[in-house]
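Asks: One structure, as structure tokens, below. Some questions next.
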Amino acid sequence: MSFQGSDHQKPLYGERLIAESQLLCFDNPKPERPYEIAIELPEFTCQCPFSGYPDFAVLKLVYQPAKHVLELKALKLYINSYRDKKISHEEVANKIIDDLVEVAKPQWMELEADFNPRGNVHMLVKVSHGLKKTI
């Protein structure tokens, strides 16, 4: 077993995977059927653009795929790329859904970003795209 802790110049393997990642999709196995996919990402982090303090949130993504379905490992790496970004709650929720819509082109998508309270203030940002079909 080797230890990489002694060379602080090189990014660690997880940091490299995050830096090199891109959102990926695969073909929807049942595009003619309306159905929903729900994904929860409970460890989202970014940084407050004003204070630099870390912000923590649970992201809940629900969408109805059209021709493509999001690949989960790629989604995880993409979400982890926000860890060191200074970005507001409102901007990050809108940026994430814009990026996901651009790649997956879903019938309908909703993202709920439920940020942990800080200073006695709780923020929930909900953004959506498209028209939801009846299931």
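Condition check ((1) out of contact with any Leu (no Cβ under 8 Å at 6 or more places or on another chain); (2) touching a residue at least 24 places away in the same chain (Cβ under 8 Å); (3) closer than 25 Å to F26 by Cβ) across all residues:
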| site | (1), (2), (3) |
| --- | --- |
| Q47 | yes, yes, no |
| Q64 | yes, yes, yes |
| L72 | yes, yes, yes |
| K76 | no, yes, yes |
| D84 | yes, yes, no |
| E90 | yes, yes, no |
| V103 | no, yes, yes |
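Asks: From A93, A19, which residue is closer than 25 Å to G119 by Cα and aliphatic (A, V, I, L, M)? Show your work before the answer.
Replies: Values: A19 fails: closer than 25 Å to G119 by Cα.
Answer to the selection: A93.
Asks: Shifting gears a bit: Taking segment 114-135, which residues are over 16 Å from V101 (Cα atoms) and not in a strand (DSSP E or B)? Step through it out loud before you land on a result.
Replies: Residues of segment 114-135 over 16 Å from V101 (Cα atoms): 114-125, 133-135.
G119, N120, K133, T134, I135, listed by residue number.
Asks: What are the residues in segment 61-84 that are basic (K, R) and closer than 14 Å to Y35 by Cα, if any? Spell out the reasoning first.
Replies: We begin by selecting, within segment 61-84, every residue basic (K, R); these are 67, 73, 76, 83.
If the condition is that a residue be basic (K, R) and closer than 14 Å to Y35 by Cα, then K67 is the only one that fits.
Asks: Moving on to the next point. Look at Y13 and say whether it is over 24 Å from S128 (Cα atoms), touching a residue at least 60 places away in the same chain (Cβ under 8 Å) and loosely packed, with under 13 Cβ neighbours inside 10 Å. Give the steps one after another, and end with the answer.
Replies: Details: over 24 Å from S128 (Cα atoms): yes; touching a residue at least 60 places away in the same chain (Cβ under 8 Å): no; loosely packed, with under 13 Cβ neighbours inside 10 Å: yes.
Against the criterion (over 24 Å from S128 (Cα atoms), touching a residue at least 60 places away in the same chain (Cβ under 8 Å) and loosely packed, with under 13 Cβ neighbours inside 10 Å), Y13 does not qualify.
Asks: Report yes if P117 is modelled with pLDDT of 95 or more, surrounded by fewer than 15 Cβ atoms within 10 Å (Cβ to Cβ) and not acidic (D, E), otherwise no. Explain how you work it out, then say what you get.
Replies: Details: modelled with pLDDT of 95 or more: yes; surrounded by fewer than 15 Cβ atoms within 10 Å (Cβ to Cβ): yes; not acidic (D, E): yes.
Judged against the criteria, P117 is a match.
Asks: Where in segment 1-112 are the strands (runs of 3 or more DSSP E), entirely inside, with at least 3 residues that are within 22 Å of M123 (Cβ to Cβ)? Before you say what the answer is, go through the steps one by one.
Replies: Details: elements: 25-27, 37-47, 54-64, 68-70.
Fully inside segment 1-112 and qualifying: 37-47, 54-64.
Asks: Tell me which residues, restricted to segment 36-52, are loosely packed, with under 12 Cβ neighbours inside 10 Å and of a type in the set (F, W, Y).
Replies: Listed by number, the list holds a single entry, F50.
Asks: Can I ask one more? So which of K85, K73 is of a type in the set (D, E, K, R), over 19 Å from E40 (Cβ atoms) and loosely packed, with under 14 Cβ neighbours inside 10 Å?
Replies: On the way: K73 fails: over 19 Å from E40 (Cβ atoms).
K85 is the lone residue from the list that is of a type in the set (D, E, K, R), over 19 Å from E40 (Cβ atoms) and loosely packed, with under 14 Cβ neighbours inside 10 Å.
The values are calculated or read from the model by the stated rules, or taken from the named source; none is laboratory data. As the structure is a prediction and not an experimental result, all values here were calculated from the model. Glycine also receives a Cβ, built like all others from the backbone with ideal geometry; neighbour counts cover every protein chain displayed.
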